[in-house]
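The values are calculated or read from the model by the stated rules, or taken from the named source; none is laboratory data. Given the structure is predicted, the values throughout are model-derived calculations rather than measurements. Cβ sites come from the backbone with ideal geometry, for glycine too, and all protein chains shown count toward neighbours.
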Amino acid sequence: AQAGTQPSALREIVTQPSHKRWSDVGGLDAIKQLLVEAVQWPTRHGALYAAAGIQPPKGILFYGGPGTGKTLLAKALAGESGANFIAVKGPQLLSMWAGESERGVREVFRKARQTAPCIIFFDEIDTLTPNRGVTGGALTDRVVAQLLTEIDGVEDLRGVTVLAATNRLDQIDAALLRPGRFDFLVEFHAPDHAGRRAILDVHAGRMPLAPGVDLDALAAATEGMVGAEIEALCRQAGVAAIRERVMGHAPADAAALTVTSHHFDEALSAMKKERAA
Ligand code: ATP
């Protein structure tokens, strides 16, 4: 029973291998390269870093709008590095250990050390560290202090990489951004045409597309959309194709299913209507 039961305090910290790969991430090539240099090289070529007399970054902060691929890229980095992955959302950490969230931070790092190589990903970190003394109370002060202590001791965290993400860089406690902490900032933008095309390749590439589907034209038609919206578009086009079969009483033969440009148009106009509303 002990083997099958986790202490309740740890139950919600889930560490698991990541199965995402760079190929699951459309575009963002410059960021992928940055991460390879900042995370993978120091592990694989530690001697070169020592010879050059430079320290790899301790913590990396992703910032940018929602749905731009921050979480996805963190998972892909874990997958590519063969590392375990722990994702913790700021609000979840605050509520899970109500009144003693700093213990939560300690537990996350402990679990990461146990399962190293491991990548810890603090999502919505702005909620964990509202600017100290301004909006945060004593609790968030203690959480930030604990986080800083853990990151400061990161040399002992062999094989543990600390990533965080936020939509609002201005909300981050300045103490977290000092050198030796989250001192490596990576900005995520909405994708350009080539980026949208690459994201379409990832998501639509898995679908049984009819010959008339023009992904270049779709990349142009999705201007202003981020990765999460492009994924939603592909899903909705897929559902439209399934709906047509099921409602039209066509044979539910999976092998015959195709997603046509008409399905994408339908999904696109539904999404545009939604956005306008
Ligand atoms: P938030 O700030 O809301 O947490 P985020 O930047 O972390 O957003 P993700 O959770 O990484 O965004 O993205 C949501 C989903 O959108 C992903 O699971 C993925 O399917 C899709 N997506 C986003 N960006 C890309 C991309 N560059 N390539 C492929 N899929 C993407």
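Working only within the range 58-89, note down all residues that are part of a loop (DSSP other than H, G, I, E, B) and among the basic types (Lys, Arg). Show your work before the answer.
At the first step, the residues of the range 58-89 found to be part of a loop (DSSP other than H, G, I, E, B) are 58, 65-69, 82-83.
The one that is part of a loop (DSSP other than H, G, I, E, B) and among the basic types (Lys, Arg): Lys58.
Would you check if there is a residue in the range 100-116 being at pLDDT below 90, of a type outside the set (Val, Ile, Thr), farther than 23 Å from Gly153 by Cβ and loosely packed, with under 13 Cβ neighbours inside 10 Å?
Let us first name the residues in the range 100-116 that are at pLDDT below 90, namely 100-116.
Pick out the ones that are also of a type outside the set (Val, Ile, Thr) and you get 100-104, 106-107, 109-114, 116.
Then keep just the ones that are farther than 23 Å from Gly153 by Cβ; that gives none.
Checking the range 100-116: not a single residue is at pLDDT below 90, of a type outside the set (Val, Ile, Thr), farther than 23 Å from Gly153 by Cβ and loosely packed, with under 13 Cβ neighbours inside 10 Å.
Residues of the range 198-211 that are touching a residue at least 24 places away in the same chain (Cβ under 8 Å) and within 15 Å of the ligand (Cβ to nearest atom): Ala198, Ile199, Leu200, Asp201, Val202, His203, Ala204, Met207.
Among residues of the range 48-70 that are small (Gly, Ala, Ser), those with a Cβ under 6 angstrom from a residue that is crowded, with 19+ Cβ neighbours inside 10 Å and in a strand (DSSP E or B), sequence gap 6+ or separate chain, pair up as Gly59/Val162; Gly64/Phe188.
Considering only the range 117-142, state which residues are at pLDDT 80 or above and either of a type in the set (Val, Ile, Thr) or within 16 Å of the ligand (Cβ to nearest atom) (or both). Residues satisfying the conditions are Ile119, Ile120, Phe121, Phe122, Asp123, Glu124, Ile125, Asp126, Thr127.
Taking the numbered list (1) loosely packed, with under 13 Cβ neighbours inside 10 Å; (2) out of contact with any strand residue (DSSP E or B) (no Cβ under 7 Å at 6 or more places or on another chain); (3) not aromatic (Phe, Trp, Tyr) in turn, Asp24 passes all entries but (1). One residue is enough: does the range 10-19 have a residue meeting the conditions assigned to a loop (DSSP other than H, G, I, E, B), touching a residue at least 12 places away in the same chain (Cβ under 8 Å), within 25 Å of Arg168 (Cα to Cα) and out of contact with any Leu (no Cβ under 8 Å at 6 or more places or on another chain)? Among the residues of the range 10-19, at least one is assigned to a loop (DSSP other than H, G, I, E, B), touching a residue at least 12 places away in the same chain (Cβ under 8 Å), within 25 Å of Arg168 (Cα to Cα) and out of contact with any Leu (no Cβ under 8 Å at 6 or more places or on another chain), which makes the answer yes. Taking first residues from the range 23-45 that are at pLDDT 90 or above and partners that are acidic (Asp, Glu) and near the ligand (Cβ under 10 Å from one of its atoms), the Cβ contacts under 7 Å between residues at least 6 apart in sequence or on separate chains come to Gly26/Asp201.
Could you grab me the full set of residues in the range 154-175 that are without any contact (Cβ under 8 Å) to a residue 60 or more places away in the chain and surrounded by 14 or more Cβ atoms within 10 Å (Cβ to Cβ)? Listed by number, the residues that qualify are Leu157, Val160, Gln171, Asp173, Ala175.
Cβ-Cβ contacts under 9 Å between residues 6 or more apart (or on different chains), taken from a first residue in the range 212-235 that is at positive phi and more than 8 Å from the ligand (Cβ to nearest atom) to a second residue that is assigned to a loop (DSSP other than H, G, I, E, B) and at pLDDT below 95, are listed as Gly224/Ala190.
Residues of the range 75-102 that are farther than 20 Å from Leu28 by Cβ and within 13 Å of the ligand (Cβ to nearest atom): Val88, Lys89, Gly90, Pro91, Gln92.
Looking only at the range 33-74, residues that are on the phi < 0 side of the Ramachandran plot, within 16 Å of the ligand (Cβ to nearest atom) and crowded, with 16+ Cβ neighbours inside 10 Å come to 11 in all.
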